[in-house]
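Any read-out appearing in this document is the output of simple, stated calculations on the displayed coordinates, not a laboratory observation. None of these values were measured; they are calculated from a predicted model. Virtual Cβ from ideal backbone geometry, glycine too; neighbours counted across all protein chains shown.
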Amino acid sequence: MKNVIKHDAYDKKAYERFLKNSRYLQKLLSYYSQFHPIHEKLAEDTFYAFFKYVVEFNEYVEERFKINKAILEGAIKNIEYEKSKLLTELDEVNAGTATVMFCEKFFENLKLAKLNKELKKFASEGKGEGLDDKLKEIAKNTMKDIADEVSEIIQGFNAVENFGKGEGDKKLLSPEERIKLADKILQNKKIREIVKKLGKLRLLAINEYKSKIKHYSGEIYSTKIGRDLKHLLPKEIVNLSDELLYYDFLRRFVDKKLLIYDIQNKLEKQKGPIIILLDHSGSMYGDREIWGKAVALSIIEIAKRESRDIYYIAFDDGVRFEKRINPKTITFDEIIEIASLYFGGGTNFIMPLNRAMSIIKEHEAFKNADILLITDGYAEVNDAFLKEFDKFKIEYNAKLISVFVETFPTETLKMISDEVIKVYDLADEEARKIYKAVS
């Protein structure tokens, strides 16, 4: 037996499907061959360790594959593995993702420990004094290293998978589609970091949206028939105390003929579309870029729930990329495209703001828009533009929210901004300031 973990035909099929559709894992296995001569079976057994509900080791394993047993014993006998497995068991994409991340980190640690020659000697001669204990320790530390990241990536996958699903949309991706989506994210380090951040920020955005709805009662403006128990008229509630009227209440509930009141939700009527202007200048590169893109993408979740259109503009010293987005139909390719692009020039505020004005003038749907400018740059705007933009905001009922990331706003931009948000560090909680401003 070459595999060290017991598995059945279903488990085997799940692994083979992941391997077939994951070009990144295929590349990794080809690359890892220089470090560990029996790496392919190790990757397969690692998948089973994350995928199977009950993990058991085979009693008989070929001598040269016993080294994989030592590695996996070190990996799974700790609390970090148990936490990760709660997210991966019986989900082939999550299990495959955890497998890729474990293998990446394990072979990186193996290289640092300079055990490559000892492993190859063991594979060819069956000799390796004290090798089992060394590998167990490396595997144990690897699992500790990746546990939090596995959770963040899977949370990020869930965020990306839920984009483009409107209310009541139950369509699910096929396993092959999910694997290919995971593959695109895993093989690009920057996209991986954005997705990790997006998973957390999306939940913050949803919580912020729900908190506003929770505290807004609306205004009663008419009565109608239906069966929404939250909006029952008091006279219907009184009927519940009488035995005979109670059965009549149940009959009318089934027939959707209860008397209920209607709510006029002024909050929704006041909300217009959102135009996002995201700075792609050279100083944004790195953590600021990742945070900014994750915030921009997470705002799509709020827009989806509030039925608001989005227009996304990337700029540096000019407008470099723009796209109109329907939050309920946004595709995974569009998300990957936004996450991937970066330009790295200087900073100019007038050009993206001019483009935002043009969009509002040209498209009736973008009147009453919130313009959200996210930047870390320093660029002045002239007096002529200040007057023009102020006049424009009044005429088209637009609002400018300027977000300054780890920098201070320019005086001229403060003058034309309806709200200025200072982000002093890139903590997730700082994004709440932005969600409060746009939701």
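Can you give the calculated 222 nm mean residue ellipticity of the chain, where each DSSP H run of n ≥ 4 adds -39,500 (n - 2.57) and the sum is split over every residue, rounded to the nearest 500 deg cm²/dmol?
Result for the chain: -18000 deg cm²/dmol, rounded to the nearest 500.
What list of ³J(HN,Hα) couplings, whole Hz, do you get for region 47-57 from phi and the Karplus terms 6.51, -1.76, 1.60, once you set θ to phi - 60° and write x for glycine and proline?
Those phi angles translate into 4, 4, 4, 7, 8, 6, 5, 10, 9, 10, 8 Hz.
Taking Rg and Dmax of the Cα atoms in Å straight from the coordinates, which label in [x] 36.8, 125; [y] 27.6, 87; [z] 21.3, 72 is the correct one?
[y]
Would you mind ranking H280, H7 so that the residue whose beta carbon has the fewest other beta carbons within 10 Å leads the list? Before the final figure, lay out each step's value.
Working: H280 24, H7 20.
Least crowded to most crowded, the residues run H7, H280.
Using only Cα atoms, find the angle between the long axis of helix 116-125 and the longest principal axis of the chain, and express it within 0 to 90 degrees, rounded to the nearest 10.
Value to nearest ten degrees: 40.
Pick from S283, S340, S241: which is most flexible by mean-square fluctuation in a GNM of the chain where alpha carbon atoms under 10 Å apart are linked?
Among S283, S340, S241, the largest mean-square fluctuation in the Gaussian network model of the chain belongs to S241.
Explain nothing, just the number: relative contact order of region 269-438, from Cα pairs under 8 Å at least 6 residues apart, as a whole percent.
Numbers: 299 pairs, mean separation 40.6, N = 170.
Contact order relative to length: 24 percent.
Take the alpha carbon atoms of region 227-247, find their center, do the same for region 296-342, and report the distance between the two centers in whole angstrom.
Spelled out, the Cα-based centre of one part sits 46 Å from the other.
Using Cα springs under 10 Å in a Gaussian network model of the chain, which residue among I79, I275, I350 shows the largest mean-square fluctuation?
I79
Taking square-rooted eigenvalues a ≥ b ≥ c of the alpha carbon gyration tensor, is region 269-438 rounded, prolate or oblate, where a/c under 1.5 means rounded and, failing that, a/b exceeding b/c means prolate? Before the final figure, lay out each step's value.
Numbers: a/c = 1.35, a/b = 1.03, b/c = 1.31.
In terms of gyration-tensor shape, rounded.
So what are the ³J(HN,Hα) numbers for region 371-376, from phi and the Karplus equation (6.51, -1.76, 1.60; θ = phi - 60°), rounded to whole Hz, Gly and Pro as x?
Taking θ as phi minus 60°, the curve returns 9, 10, 9, 10, 8, 10 Hz for region 371-376.
Skipping prolines and chain starts, which residues have an amide H placed within reach, meaning under 5 Å, of the one on I371, given they are 5 or more residues away or on another chain?
Hits under the 5 Å cutoff: I275, K399, L400, I401.
Select from V54, V254, V381 the residue whose mean-square fluctuation is largest in a Gaussian network model of the chain (Cα-Cα springs shorter than 10 Å).
V254
Just to confirm a number: summing +1 for Lys and Arg and -1 for Asp and Glu over residues other than K13 whose beta-carbon lies under 11 angstrom from that of K13, what do you get?
On the way: positive: K12, R17, K20; negative: D8, D11, E16, E92.
Local net charge: -1.
Quick one: compute the contact order of the chain, relative version, from alpha carbon pairs under 8 angstrom and 6+ residues apart, as a percent.
Working: 673 pairs, mean separation 56.4, N = 439.
Result for the chain is 13 percent.
Going by alpha carbons, how many degrees (0 to 90, nearest 10) lie between the helix axis of 243-254 and the longest principal axis of the chain?
Helix 243-254 sits roughly 80 degrees off the main axis of the chain.
Which residue, L386, F404, V420, has the largest displacement toward the positive end of the dipole of region 384-439 when charges sit on each Cβ (Lys, Arg +1; Asp, Glu -1)?
L386
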